[in-house]
Amino acid sequence: MQVLVEEASVTVPDGATVLDAVHAAGADLPALCHDERLSPRGSCRTCLVRAGERLVAACTTPASDGLRVRLNDPVARQTAGEAVELIVSELPERALDLPAERSELVRACAHFGITTSSFSGAGHERGLDHSHPYVKLDRDLCIACGRCVAMCAEVQGTFALELTGRGFDTVVTAGDGGPWVSSPCVGCGGCVDSCPTGALSEPGLLDLRPTTTTTTTCGYCGVGCTLDVHVRDGAVAAITPTHRAPVNRGHACIKGRFAHTFSRADDRLTAPLVRRGDQLVETTWDEALSTIANRLTSIRDEHGPDAIAMISSARATNEENYLAQKFLRTAIGTNSIDNCSRLCHSPSAAGLTASFGLAGGTNPLDDLDRTDCVLLAGANPSEAHPVVGARIKQRVMAGARLIVIDPRRTELASLADVHLQARPGSNVAVFNAIARVLIEEGHLDRDFIEQRTTSFNDLAQLVQENRLDHAAEIASVRAADLVEAARLFGRAQHPAIVYGLGITEHAHGTDGVRALANLALLRGSVGTPKGCGILPLRGQNNVQGASDMGALPDLLPGYQPVTDAAVRDRFAARWGGALPGRPGLRIPQMFDAAISGELRALHVIGEDVAHSDPNANHVRSALRACDFVVCQDIFLSHTAELADVVLPAASFLEKDGTFVNFDRRFQRVRPALIPPGQSATDFTIVHRIAEAMGVDLGCRTPAEALAECASLTPIFAGLSHQRLDAEGPLHWPCQTPDRPGSAVLYLNGFATPDGRAAFAARPYLPPGEEPDAQYPYTLITGRRLEHYNTGSMTRRTQNTELLPGEALELHPSDAAHLGVVEGTDVTVTSRWGQATLAAHVTRDVAPGQVFTSFHFPHAAVNRLTSPHTDAVTGCPEYKVTAVDIGAGTSR
């Protein structure tokens, strides 16, 4: 519809407000209680305009076709200005001392020409609350606009804030009114970002000196939030979520927003280190590079190229991973390169490829906006992927049904219509049981199944042969709950599946992915406009991209097989030399080969395998067995401590390139900081090593590297830095520069040889190990909100004030049996190792199960986890380890 704003005619969609029309016209209008991410409130009356013949609040008044809006109407402007004056009269003078870019109130005063208030009266003396390390409250600047409360409720879904008091005394409070730090606040920073007066701020923005801003992509989890990095005096002053960003929409989590001080931590690696005897000592780049070149050349010439392997990084950019795999295949001559997707989502790549044809999620995150039922399996996004967790909560609050399949009672499980608290390792039995109900009760898209899939009868026969009560027994859930979950999913018009590492990190993780994909196919919710598809939540920021770029032992960039001679020839023609045709070693095989003496050298980029990989004692033995270990990292990790040469790397805040997030979006990464000391990007480091070995890798810049990759990889052919800078994030497949990326996959057919999706009849198989008399408990591992992976970054921030250490969660009945009380040190023993943790007694875990994370080195949790792996991909079974628990002393 057309709206006339002053003399400008603008087009706005149905449902738009007068304020939307004003913004469409490019006009400025104060609206102190309004945030475009929130439902309109209309309480401050600072956006008064004349619309037609009426004086209205622009933020709550619907626009209509032909409406004329007058911004400079004298009565409207005077009344709105008086409203601002009244607000100012309650505030201390410092409220107007803030820079205009930090305060909407200051900008509103400038808009109306207000320098002081003609109103007089009592002022506030309510004081400060600076108890939280990141969220700082100046109560006297609060104007009770309610934006922070709405942000916490509507966007984050935490409901930690409320307005308390009456009239003049109304102010925001967190939790029960005690210190902010003890409230349910999850530190997303949304309240700070939305506050119009500076009542809510953060440490870096309390300093009023100017900053420079760089827009980049978050380097924590795989959601791919767009962030604005504000730098002052060569360090990060603050990070804020970019408004209107396609993935996070101006939202962030505590890690992406606040956990940035690691970038200038005192123990950053700033110079190369070389081992002399038992010590790592600082050296020059020349000596470090010549040592690496000489040792790798010697080992390659004496033992063959397959005696050398590389673990690339899911933290590094696409361009760095592309260069790393090119280096290993050309300069060394082996395919033994892998990345941490082997340890988390390799079953996703294998399972989704087998079912649908491509190794990625089928739909964009945006499709959650239209789902009426979410099946969330093996994931706790409220802590591991908070922006996605918040989006799911938003859908639940809007009426969508929620099914959670998880052995723990997570936050989202507590909101679910059905929580299947399934026993770890029982995923396939659960999914097959749901499939049985869907088939028996006819909750199927029969046309889709007939026209676009194969092997339905095989699945139907398998599930028919497996009784529902038997599946319920395997999973330790009620058969009635399995039926209810199936009916909710089966009756949904737009079902969505979201899953995580609780599905993949199992001895039969690929079977779990395929059995889960069956459910989407039964409902016809993949490759159709009605469906919302299946989304795997990737753990690290670029775990999708590292695999996309060919940092895999059997696949070149774009998942092109190294065993395909035609593919190798195409790469060889561009790279200037023949490529090895035999697949290389996977990560677990690398460690076994090192201990057996077949692998002599290992190059690790940005991964602390001695801390994060399963059966850590075995990993450390493998590193010690190698003749030569190189490590690139930003800190002296446990892996780096065992290396012969350590190279100081740049963090994501110091890099140029791209990441690929969990829904296949290529997104730009831009440097906001200069790497400290002599540290360098992984891109530069790999180039330097290659040059020291006399090899020219080409691709002098990250932009050139992506361009070369695109020229060799059909599904990335339309991608470039220039295009991403001009158009923003793009999904792959993106096959030509003049066509958009494919946000939704398979609308025109599946990427399989016959164009059909394949059902998989996968029977339930028991996990690699189960509790017994010697090890009677099942250990599950996962993540905490405040920390990330090995904690190398988050433990060097004030996040440690919020979560200073790790604990072992156990059920009250088990605690009583063991004589354990809250805070008691307990010794956890598995067949593979031992660790000591403080006990946390909670009903969030089931009897017989215990849970912890691996963020803290002192806990040494991965000394416990088993070496059992998925038969198809080699992904470790982190989620099922049989353990014994011995009571210790109280802290």
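Selection over region 514-535 of residues that are in a loop (DSSP other than H, G, I, E, B) and not charged (D, E, K, R) gives a count of 9. When restricted to residues that are touching a residue at least 40 places away in the same chain (Cβ under 8 Å) and within 19 Å of His494 (Cα to Cα), region 424-450 contains 13. For Phe571, the conditions (1) within 22 Å of Gly361 (Cβ to Cβ); (2) touching a residue at least 24 places away in the same chain (Cβ under 8 Å); (3) crowded, with 18+ Cβ neighbours inside 10 Å are fulfilled apart from (1).
Inspect region 399-418 for any residue being in contact (Cβ under 8 Å) with a residue 60 or more places away in the chain and within 16 Å of the chain's Cα centre (by Cα) and give the result as yes or no. The answer is no, given that none of the residues of region 399-418 is in contact (Cβ under 8 Å) with a residue 60 or more places away in the chain and within 16 Å of the chain's Cα centre (by Cα). Per this entry, Asp338 is not counted among residues that are among the charged types (D, E, K, R) and not assigned by TED's automatic domain parsing to the domain that holds Thr658.
Residue-by-condition table, conditions (1) crowded, with 20+ Cβ neighbours inside 10 Å; (2) in a strand (DSSP E or B); (3) in contact with a Phe, Trp or Tyr (Cβ under 9 Å, 6 or more places away or on another chain):
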| position | (1), (2), (3) |
| --- | --- |
| Val744 | no, no, no |
| Phe750 | yes, no, yes |
| Pro766 | no, no, no |
| Leu779 | yes, yes, yes |
| Thr790 | yes, no, yes |
| Arg795 | yes, no, yes |
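Count of region 170-214 residues, restricted to those that are part of a loop (DSSP other than H, G, I, E, B), within 30 Å of Arg670 (Cα to Cα) and of a type in the set (A, V, I, L, M), is 2. Looking only at region 719-742, filter to residues that are free of Cβ contacts under 8 Å to residues at least 24 places away in the same chain, under 16 Å from Ala707 (Cα atoms) and not β-branched (Val, Ile, Thr); which one of those is surrounded by the most Cβ atoms within 10 Å (Cβ to Cβ)? Selected residue: Ser720. Of all residues assigned to region 708-718, none qualifies as being assigned to a loop (DSSP other than H, G, I, E, B), crowded, with 21+ Cβ neighbours inside 10 Å and at positive phi. Taken together, the residues in region 582-620 that are part of a loop (DSSP other than H, G, I, E, B), buried (at least 24 other Cβ atoms within 10 Å of the Cβ) and either among the aromatic types (Phe, Trp, Tyr) or without any contact (Cβ under 8 Å) to a residue 60 or more places away in the chain (or both) amount to 0. Taking the criterion of being among the hydrophobic types (A, V, I, L, M, F, W, C) and in contact with a helix residue (DSSP H, G or I) (Cβ under 8 Å, 6 or more places away or on another chain), the residues of region 844-876 that qualify are Val850, Phe854, Phe856, Ala860, Ala871, Val872, Cys875. All conditions in (1) assigned to a helix (DSSP H, G or I); (2) in contact (Cβ under 8 Å) with a residue 24 or more places away in the chain; (3) touching a helix residue (DSSP H, G or I) at 6+ places or on another chain (Cβ under 9 Å) hold for Arg538, with the sole exception of (1). The set of residues from region 256-282 being out of contact with any helix residue (DSSP H, G or I) (no Cβ under 6 Å at 6 or more places or on another chain), assigned to a helix (DSSP H, G or I) and not hydrophobic (A, V, I, L, M, F, W, C) comprises Gly256, Arg257, Thr261, Arg264. Annotation note: Cβ proximity below 8 Å between a residue of region 464-476 that is under 15 Å from Ala846 (Cα atoms) and a residue that is surrounded by 14 or more Cβ atoms within 10 Å (Cβ to Cβ) and of a type in the set (S, T, N, Q) (sequence gap 6+ or interchain) occurs for Ile474/Ser426; Ala475/Ser426; Ser476/Gln421; Ser476/Ser426.
Would you confirm whether or not region 500-518 contains a residue that is in contact with a strand residue (DSSP E or B) (Cβ under 8 Å, 6 or more places away or on another chain), in contact (Cβ under 8 Å) with a residue 60 or more places away in the chain and surrounded by fewer than 24 Cβ atoms within 10 Å (Cβ to Cβ)? Yes - at least one qualifying residue is present in region 500-518. Residues in region 458-479 that are surrounded by fewer than 17 Cβ atoms within 10 Å (Cβ to Cβ) and either of a type outside the set (S, T, N, Q) or within 14 Å of Leu519 (Cα to Cα) (or both): Asp458, Glu465, Arg467, Asp469, His470, Glu473, Arg478. In this structure, does Ala707 turn out to be out of contact with any helix residue (DSSP H, G or I) (no Cβ under 7 Å at 6 or more places or on another chain), within 24 Å of Ala601 (Cβ to Cβ), of a type in the set (A, V, I, L, M, F, W, C) and free of Cβ contacts under 8 Å to residues at least 60 places away in the same chain? No, not satisfied. The helices (runs of 4 or more DSSP H) located wholly in region 431-475 that include 1 or more residues which are closer than 14 Å to Arg523 by Cα and of a type in the set (A, V, I, L, M, F, W, C) occupy 446-452, 456-464. Screening Leu163 on (1) assigned to a loop (DSSP other than H, G, I, E, B); (2) free of Cβ contacts under 8 Å to residues at least 24 places away in the same chain shows it passes everything except condition (1). Tell me which residues, restricted to region 347-374, are over 26 Å from Pro733 (Cα atoms) and touching a helix residue (DSSP H, G or I) at 6+ places or on another chain (Cβ under 8 Å). Residue satisfying the conditions is Cys373 alone.
The values are calculated or read from the model by the stated rules, or taken from the named source; none is laboratory data. Note that the structure is a prediction, hence the values are computed from the model and not measured. Every residue, glycine as well, gets a Cβ built from its backbone with ideal geometry; the counts of neighbours run over all protein chains shown.
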